[in-house]
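Values in this text are rule-based calculations from the coordinates and carry no lab data. All values reported here derive from a predicted model rather than from experimental measurement. Here the Cβ positions follow ideal geometry from the backbone for every residue, glycine too, while neighbour counts run over all protein chains shown.
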Amino acid sequence: MIASLLRRHGTQQIFTLCGGHISPILIGAKSKGIKVIDVRHEATAVFAADAVTRLSDMPGVAAITAGPGLTNTITAVKNAQMAQSPVILLGGASATMLKGKGALQDIDQMALLKPHVKWCSAVKRLSKIEPLLEKAFQIAYGGVPGPVFIEFPVDLLYPESVVRKWYGISAEASGSLLEQVYLNWHINRLFQEGGFDPSTVSASSPLSPRQDHVQNSVRMIQAAKRPLLLVSSQAMISAATVPVLRNSLLKMGIPTYLSGTARGLLSLNDKIFFRHKRSEALKEADLVILAGAPFDFRLGYGRKIPRETSVISANLSREDLKLNRKPTLAMLADPSFTLSAMAQIWGRQFDGWKDWCERLQKRELSREAEITEQSGYESNKINPVQLLRAVDSKLGDNSILVADGGDFVSTASYIVTPRGPLAWLDPGPFGTLGVGAGFALGAKLCRPDADVWVLYGDGSVAYSLSEFDTFVRHGLPVIGLVGNDAGWTQITRGQVDIFNDDLATTLTATNYHVVAEGYGGKGLLLKSMDKFDDIVSESLAVSRSGMPVLINAILGKTDFRKGSISI
């Protein structure tokens, strides 16, 4: 029943780490042609499901065993919640008759998950499986998307004959007659079937903007002399609408910055796209349009934009729409549909911002020149800026980038350019380390022909390096690049400046490439840029032959991101 419903919703794979509580779900999935991808840590399963929902319109599903299996997912579930990803989490649980009686791995899972999901529920009868799963999908995808959790007690998943044996219900069973009668009644009630008609379920529709809001926003934008548009991840929720969104941006021609999953929506050849000196641009703009971006730490809680500057904001979340600062025009609506609606009534090509665009472009070129200069600094090890510029030059058009790290990966966000829409995956506002392997799993399954690159920091890689075993077993040849500077550099820099102490922020230049080989992948050591071309060529060849590969790049230190830590 579970697998059939998942299949109806387009589920192609379930991510899991096996457990007796959930074995029937996995067996059922296999019987319905759903791939079962087993990983080495439960968090990876949720991260992988998260990636699937971001890169496609297919549901991302993870099935997790009870107790510690579920507690291991909390960080990944919270990351999905904050990134507004509609992950479907299925969890095993203790038998219905044994709740609170000291059963193996029996904890209050509902209380644990409730703060971190959009909705959660426990199935208590066979007849409730399908309606509750349908409700889970509706809630996950409706309004502000988010993860949902459904708990399945183990005695509801196994065959009734097996469950009766577990409870000792038989003619020869010991115990009082009253006890036998009660247990028999409980089992009959548990397995009582009920009819469910999937055709009665209505699909949720995107939240459209008010037409008067759309008309007012277009008037405000066309009247502005220095407008600026910031497109964030929420505008990318539907993969199907991304081409329309891109065309809408190009039609309107508003100078645009991209963040989160929206990176790659515009290319360097698009004259309206800018990526450097955003804070300065926000201070100079006379109108800022936020497409799914709240006034959180990334926008200085609203302080990065002067108070006299008008703000138009489109957001699915009523709370995020007015967080920290009330916009001039607040639209509770899907930001992608809002921008498309604006483009539909835009009219002629508007070219009144030539001087403003030239100012932004001049600043853009200046920053690129600084980066070029910094990439030339000599070091006894590899200059990370030089390395990342070289990586950018080698990326094919069919590449997906997964960002998992601190200083090295944040540097990459200024240098390495996604090759198209939905080709960049980062944790989102929670800033979680350890997403790399799970995101790469989901990405490679969604787009098997793509070169999937994971940009790791040497701190973050240790969270999920064991998943190279998963890559090998399931034939998922991703390419990992570790920026190995033997430390938690993003933390070290500020800590040393303030306290003159690098306590607990130093690591060793570990042979991560050897670890990857121990898990069955290919490991390559990069100690100088002289070998870069050869190693990248070998990595691409190895990956395309079907084997995952990890490049361990030994880095020197830079001050590229000095003073950039966010609080």
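A cut-off of 5 Å between modelled amide H atoms, ignoring neighbours fewer than 5 places along the same chain, links LEU229 with THR256, TYR257, ILE289. The angle separating the long axis of helix 129-141 from the principal Cα axis of greatest extent in the chain is about 10 degrees. Summing Lys and Arg as +1 and Asp and Glu as -1 over all other residues whose Cβ lies under 12 Å from the Cβ of SER259 gives a net charge of +2. Ordered by the number of other Cβ atoms lying within 10 Å of each residue's own Cβ, fewest first, LEU89, LEU365, LEU126, LEU6 fall into the sequence LEU365, LEU126, LEU6, LEU89.
If I take every Cα pair under 8 Å that is 6 or more residues apart in the chain, average their sequence separation and divide by the length, what percent do I get for the relative contact order? For the chain, the relative contact order is 12 percent. Summing Lys and Arg as +1 and Asp and Glu as -1 over all other residues whose Cβ lies under 9 Å from the Cβ of PHE439 gives a net charge of -2. From helices alone, the chain scores -11500 deg cm²/dmol at 222 nm; the rule is -39500 (n - 2.57) for each run of n ≥ 4 DSSP H residues, then divide by the residue total. Normalised by the number of residues in segment 211-354, the mean separation of alpha-carbon contacts (under 8 Å, six or more apart) gives a relative contact order of 30 percent.
Placing dummy labels 7 Å off each Cα toward the beta-carbon, the span from ALA504 to TYR158 is 4.4 nm.
Residue by residue, segment 285-290 carries 3J(HN,Hα) couplings of 5, 9, 8, 10, 10, 9 Hz when phi is fed to the Karplus relation 6.51 cos²θ - 1.76 cosθ + 1.60 (θ = phi - 60°); x denotes Gly or Pro.
Taking the Cβ of ALA390 as the centre, find all other residues whose Cβ is under 14 Å away and add up their charges (Lys, Arg: +1; Asp, Glu: -1).
On the way: positive: ARG389, LYS394, LYS531; negative: ASP392, ASP530, ASP533, ASP534.
Surrounding charge for ALA390 is -1.
Counting only lysines at least 8 places from LYS35 when in the same chain, those with an alpha carbon closer than 24 Å to its own are LYS135, LYS444.
Exposed loop sites here mean GluC sites (Glu not before Pro) with a DSSP loop assignment and at most 15 other beta-carbon atoms within 10 Å; the chain contains its longest site-free run at 379-567. For the pair ALA369 and GLU280 in one chain, pulling the backbone fully straight at 0.36 nm per residue adds 30.3 nm over the alpha carbon distance. Report, to the nearest 10°, how far helix 242-252 tilts away from the longest principal axis of the Cα atoms in the chain, using its own Cα long axis and a range of 0 to 90°. Helix 242-252 sits roughly 30 degrees off the main axis of the chain.
Pairwise Cα separations in the chain fall into 10 Å bins from 0 onward with the following percentages, short to long: 3, 17, 25, 24, 18, 9, 3, 1, 0, 0.
Take ILE88, ILE371 and order them by how many other Cβ atoms sit within 10 Å, fewest up front.
Working: ILE88 24, ILE371 17.
With the fewest neighbours first, ILE88, ILE371 line up as ILE371, ILE88.
Sequence gap at least 6, Cα distance under 8 Å: using those rules, report the relative contact order of segment 376-554 to the nearest whole percent.
Details: 331 pairs, mean separation 40.1, N = 179.
The value is 22 percent.
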